[in-house]
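Working notes, beginning with the structure itself.
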Amino acid sequence: MAENSYLVWDGSDGSAVLVDPGCASDPELAAMEEEIARAGLHPRAILVTHPHVDHIAGAGELCRRYGIECHASVLDTALASRDRELRKLYQFKMESPSAPFRFFGEGTQTLQFGPITVQVLPVGGHTAGSVAYYLPDAGAVFVGDTVKKGSLGFLETGYAQTLERIRDYLLPLPDETLLLPGHGEASTIGEEKRSNRFFIRCAPPGRSE
């Protein structure tokens, strides 16, 4: 269940956000905390693309450690409430507290954590509330398990709606935007437009390539 966890910070004051901190073992959790301390960062929030256990295993302890909250879509409230149950199901050994969630509403919106601006894009697909987080100042979009390099992730809510949301929310982003998935390698929006057959299929009419 290897998963990509991300740490993003602003160089002006060290404000930071953590995206999908899986941290499924004590050494992984310690490595994240050591990197935060080494860089002199001040975590402001945890952003969860969706609350599956491989994406939030370290969230509760990190929230406790830094006195922050875990942000996720209100559409995934029921899924988040099953955290302890799913840990047992997937035989997670590490004991840590459940994350204190703050749920935001449906649709697009902007979150602000100090100088860090986050645009929430409701891409759906993997879970009812799956979102992507676009950080324009970082030139990066974190897409969770809805998209992976060259393809789509494991979708539970249907392909048609997901293709529409890729068209509406991801295709308009600048081509140089880093596309950072929950699993696998990084890409860019431009590379996916050229090579991801699902991006090509949902491209708007008149797209030139």
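Residue under question is THR157, and the condition is that it be on the phi < 0 side of the Ramachandran plot and surrounded by fewer than 24 Cβ atoms within 10 Å (Cβ to Cβ); does it hold? So THR157 passes the test. Among the residues of the stretch 168-185, those that are touching a residue at least 60 places away in the same chain (Cβ under 8 Å) and assigned to a strand (DSSP E or B) comprise LEU180, PRO181. Being among the acidic types (Asp, Glu) and in a helix (DSSP H, G or I) is the filter here, so list the residues in the stretch 12-34 that pass it. Result: ASP26, GLU28, GLU33, GLU34.
List the strands (runs of 3 or more DSSP E) inside the stretch 97-167, counting only whole elements, that have at least 3 residues being among the hydrophobic types (A, V, I, L, M, F, W, C) and within 15 Å of the chain's Cα centre (by Cα).
Once the strands (runs of 3 or more DSSP E) in the stretch 97-167 are filtered for at least 3 residues that are among the hydrophobic types (A, V, I, L, M, F, W, C) and within 15 Å of the chain's Cα centre (by Cα), what remains is 101-104, 116-121, 140-144.
With respect to the conditions (1) at pLDDT 95 or above; (2) surrounded by 16 or more Cβ atoms within 10 Å (Cβ to Cβ), PRO136 lacks only one, and its number is (2).
The residues of the stretch 166-180 that are crowded, with 20+ Cβ neighbours inside 10 Å and out of contact with any helix residue (DSSP H, G or I) (no Cβ under 7 Å at 6 or more places or on another chain), listed by number, are TYR169, LEU180.
If you go through the stretch 128-162 and keep only what is hydrophobic (A, V, I, L, M, F, W, C) and either out of contact with any Leu (no Cβ under 9 Å at 6 or more places or on another chain) or free of Cβ contacts under 8 Å to residues at least 60 places away in the same chain (or both), you end up with ALA128, LEU135, VAL141, VAL147, LEU152, PHE154, LEU155, ALA160.
Among the residues of the stretch 63-81, those identified as aliphatic (A, V, I, L, M) and either modelled with pLDDT of 95 or more or surrounded by 15 or more Cβ atoms within 10 Å (Cβ to Cβ) (or both) are ILE68, ALA72, VAL74, LEU75, LEU79, ALA80. Just checking, how many residues over the stretch 186-198 are farther than 21 Å from GLY139 by Cβ and in a loop (DSSP other than H, G, I, E, B)? Within the stretch 186-198, residues that are farther than 21 Å from GLY139 by Cβ and in a loop (DSSP other than H, G, I, E, B) number 0. Do we find that ARG84 is modelled with pLDDT of 95 or more and basic (Lys, Arg) in this structure? When the stated conditions are applied, ARG84 does not pass them. Under the condition of being surrounded by fewer than 22 Cβ atoms within 10 Å (Cβ to Cβ) and either free of Cβ contacts under 8 Å to residues at least 60 places away in the same chain or under 18 Å from GLU69 (Cβ atoms) (or both), the residues counted in the stretch 10-28 number 5. With respect to the conditions (1) at pLDDT below 95; (2) loosely packed, with under 13 Cβ neighbours inside 10 Å; (3) under 15 Å from the mean Cα position of the chain (by Cα), PRO204 falls short on a single one, namely (3).
The values are calculated or read from the model by the stated rules, or taken from the named source; none is laboratory data. Worth saying up front: this structure is predicted, and the values here are computed from it rather than measured. All Cβ positions, glycine included, derive from the backbone under ideal geometry; neighbour counts span all protein chains shown.
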